[in-house]
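Computed from the coordinates by the stated procedures, all read-outs in this text should not be read as laboratory data. Predicted, not measured: the structure shown is a model, and the values here were computed from it. Ideal geometry is used to build each Cβ from the backbone, glycine not excepted, and the neighbour counts take in all protein chains shown.
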Amino acid sequence: MRIDIVSIFPEYLTPLGLSLVGKARTSGLVDLRVHDLRDWTTDRHRTVDDTPFGGGAGMVMKPDVWGAALDELVTDGTHLLLPTPSGAPLTQRHAERWAEDAHLVIACGRYEGIDARVAAHYAARPGVEVSEYSIGDYVLNGGEVAAMVLVEAVVRLLPGVVGNPHSLVEESHGAAGLLEYPVYTKPPAWRELDVPEVLLSGHHGRVERWRRDQALARTAERRPDLLARLAPADLDKADRAV
Ligand code: 6GU
């Protein structure tokens, strides 16, 4: 997979050289490049923004600069991603779908956002898909952190990136639609707190049942919206009794 990220703060994205994403890059599983939007400016001040038509606070990113950058990076089959607080909420389902794309371009906006014609222009281009996404109901100063969130969510799903593909199955927001159950390791007693007895029992069936009950209870407590969306077929007989 190829990923291009465009930002006026390319250094903001240096953590993408670390950890799992960094390893995926050095091993060639992902070709990730970060670009400085100002490289596509033509004026002496390297201007990327201007005042909004219609008035109001803040500045808007200029379509001509973004167009020059994206014309170089977007090709047939590119999925153009625009992080914005007014986008659709990012979910694990998006990460799964976008991990199948051969080429992602992430355009990081700052200020009050990018002139809306940029998304409209590329969305109208045959062979190009455009998605505007948000990482939650709060406001960030720009799209860079949201770009890193997306890259981490997508890259870990690429074949060969996560050592044990099994760990992708059981986790929160996986196929079960439930939050993950609590986990414990040694020592069995720590600061007056004991690991739940059942986990030391060696009884696989009871462990599985306990984990399922914990996942259900947690989801009901913290994310009742997720529980409400579960299909009846996703609940077993014992679940219904909980
Ligand atoms: Cl994707 N961008 C910005 N600037 N703020 C956000 C966001 C994205 N998601 C939540 N808040």
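Annotations
- Once you reduce region 52-123 and region 180-213 to the center of their Cα atoms, the two points are 45 Å from each other.
- For region 77-202, taking Cα atoms only, Rg and Dmax work out to 19.5, 63 Å respectively.
- Under the Debye formula (equal points on every Cα, no solvent term), log10 I(q)/I(0) of the chain at q = 0.10 Å⁻¹: -0.62
- Computed [θ] at 222 nm, helices only, for the chain once each DSSP H run of length n ≥ 4 contributes -39500 (n - 2.57): -9000 deg cm²/dmol
- Neighbour counts of other Cβ atoms within 10 Å put Trp98, Trp190 in the fewest-to-most order Trp190, Trp98.
- Estimated FRET transfer efficiency (Arg191, Arg223; beta-carbon r; R0 25 Å; 0.05): 0.30
- For region 13-20, Karplus couplings with θ = phi - 60° (6.51, -1.76, 1.60), whole Hz, Gly/Pro x: 9, 4, x, 6, x, 9, 6, 5
- Exposed loop sites were defined as GluC sites (Glu not before Pro) in DSSP loop states (anything but H, G, I, E or B) carrying at most 16 other C-beta atoms within 10 Å; in the chain the longest segment without such a site runs 1-99.
- Between 0 and 90°, nearest 10: helix 144-155 axis offset from the chain longest Cα axis: 50 degrees
- Within the chain, percent of DSSP bridges classed antiparallel, to nearest 5: 20 percent
- Applying 1/(1 + (r/R0)^6) with R0 = 30 Å to the Cβ-Cβ distance of Arg93 and His45 gives a FRET efficiency near 0.10.
- Applying Stokes-Einstein at 37 °C and 0.692 mPa s to the Kirkwood radius of region 1-106, computed over alpha-carbon pairs, gives a translational diffusion coefficient of 209 µm² s⁻¹.
- Here r is the Cβ-Cβ distance between Met59 and Ala123 and R0 is 30 Å; the resulting FRET efficiency, rounded to 0.05, is 0.80.
- Lys, Arg +1 and Asp, Glu -1 on Cβ, resulting dipole of the chain about Cα centre, debye, nearest 20: 600 debye
- Length-normalised contact order of region 2-155 in % [C-alpha pairs under 8 Å, at least 6 apart]: 30 percent
- Taking all pairs of distinct alpha-carbon atoms in region 169-241, Kirkwood radius in angstrom: 13.5 Å
- Sorted by Cβ neighbour density within 10 Å, fewest at the top, the residues Ile5, Ile135: Ile135, Ile5
- Trypsin sites (Lys or Arg not before Pro) within region 152-220: DSSP coil, no more than 12 neighbouring Cβ in 10 Å: Arg191
- Helix 63-73 axis versus longest C-alpha principal axis of the chain: approximately 70°, rounded to the nearest ten.
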